[in-house]
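Undergrad: Below is the structure I would like to discuss, written out as structure tokens.
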Amino acid sequence: MPDIDIIGIKGKTALVSGSTRGVGFAVAALLARAGARVVLNYHNDSARADVALYHLKEAGAEAIAVRADVSREEDALRLVQEAVTAFGPIDILVNNAHGRIIREKFGQTDWATHQSHIDGIVKGAYHLSCLVLEGMKERGWGRIVNIGNNMLTQPITGYSGLTAAMGALFGLTRNLAAEVGPYGVTVNIVSPGFVMTEEAPHTNEAVLAAIKAATPLGRLAAPDDIAGAVLFFCSDLGRFVTGANLSVDGGKIMG
Ligand SMILES: NC(=O)c1ccc[n+]([C@@H]2O[C@H](COP(=O)([O-])OP(=O)(O)OC[C@H]3O[C@@H](n4cnc5c(N)ncnc54)[C@H](OP(=O)(O)O)[C@@H]3O)[C@@H](O)[C@H]2O)c1
């Protein structure tokens, strides 16, 4: 007999930071399709958030959208409070928001730029994880998925701030995975390569062609390609995997 809830997401509450477009929205939409109640989050663009929320609700999802800069502790707290008020305790947290990414040669950049990457990527994940973990531990079930970047394995020059922040995110993920594993909570990383989001048209054609040529699966990633991997970690199917990093880049980086 078919088991339509084989992945065990139905009825869970999921919070995805930075989820009104790009990878975050694809993740939120897939979690909603799998039956989760979804909390969208954004920083500035409320018109875009309205559109994202409309699409989820049109598809029958239970969802809300909350404006909050997750790198600010007070915003993160309000986000979690609004989520819990709407849908109850958070079972699944996807740390996807990344703040502003700046490409500058090392030496031309400064510490403030590096710090802004760390704040945008690690601080939000830290605040939100702190806020949801106690409840997850008490209930004996929880999923945290952090969105990384395959640049940590294969650096691209000019992105030392982003890559340093990714290194910190990897460290946080693994340490937390060891600490909360005994409570039934898993913490993993999904690391995309280049993804065809709305920003992609700003990328040089030759660069896109080179990425495609170096990708065994022979095409560029769409946000939905990343979402499937995130869903695996959030689901019961991924229940015995923690502290892992999964590259989702069509095989561009192996190992
Ligand atoms: N795109 C790629 O090629 C690529 C490659 C590797 C890894 N990744 C990773 O994938 C994740 C998503 O990237 P993306 O390109 O899909 O992002 P994106 O299209 O730039 O979307 C960013 C989302 O995050 C929100 N946001 C930004 N700063 C925030 C903050 N401080 N607090 C709360 N929300 C915030 C934005 O809201 P507003 O619109 O309101 O500002 C928007 O909803 C990131 O972690 C990134 O490092 C992306």
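All of the numbers you see were taken from the coordinates with simple rules; none came from a lab. Everything numeric in this text was worked out from a predicted model, so none of it was measured. When we count neighbours, we look across all protein chains shown, and the Cβ atoms used for this are built from the backbone with ideal geometry, even at glycine.
Undergrad: Which of the helices (runs of 4 or more DSSP H) contained wholly in segment 38-145 include at least 3 residues that are within 11 Å of the ligand (Cβ to nearest atom)?
TA: So the answer is 46-58, 73-87, 124-139.
Undergrad: If you don't mind, there's one more thing I want to ask. Looking only at segment 165-200, how many residues end up being in a helix (DSSP H, G or I) and more than 20 Å from V145 (Cα to Cα)?
TA: Final tally of qualifying residues: 1.
Undergrad: For segment 189-219, enumerate the residues that are closer than 17 Å to A97 by Cα and of a type in the set (V, I, T).
TA: Residues satisfying the conditions are I189, V190, V195, T197.
Undergrad: Criterion first (part of a loop (DSSP other than H, G, I, E, B) and either of a type outside the set (F, W, Y) or farther than 20 Å from G124 by Cβ (or both)) does T20 satisfy it?
TA: It is true that T20 is part of a loop (DSSP other than H, G, I, E, B) and either of a type outside the set (F, W, Y) or farther than 20 Å from G124 by Cβ (or both).
Undergrad: For L162, indicate whether it is within 16 Å of the ligand (Cβ to nearest atom), assigned to a helix (DSSP H, G or I), over 25 Å from V207 (Cβ atoms) and in contact with a helix residue (DSSP H, G or I) (Cβ under 7 Å, 6 or more places away or on another chain).
TA: No: the conditions fail for L162.
Undergrad: While we're looking at this one, here's another question. Looking only at segment 1-25, filter to residues that are of a type outside the set (D, E, K, R) and near the ligand (Cβ under 8 Å from one of its atoms); which one of those is nearest to Q81 (Cα to Cα)?
TA: S17
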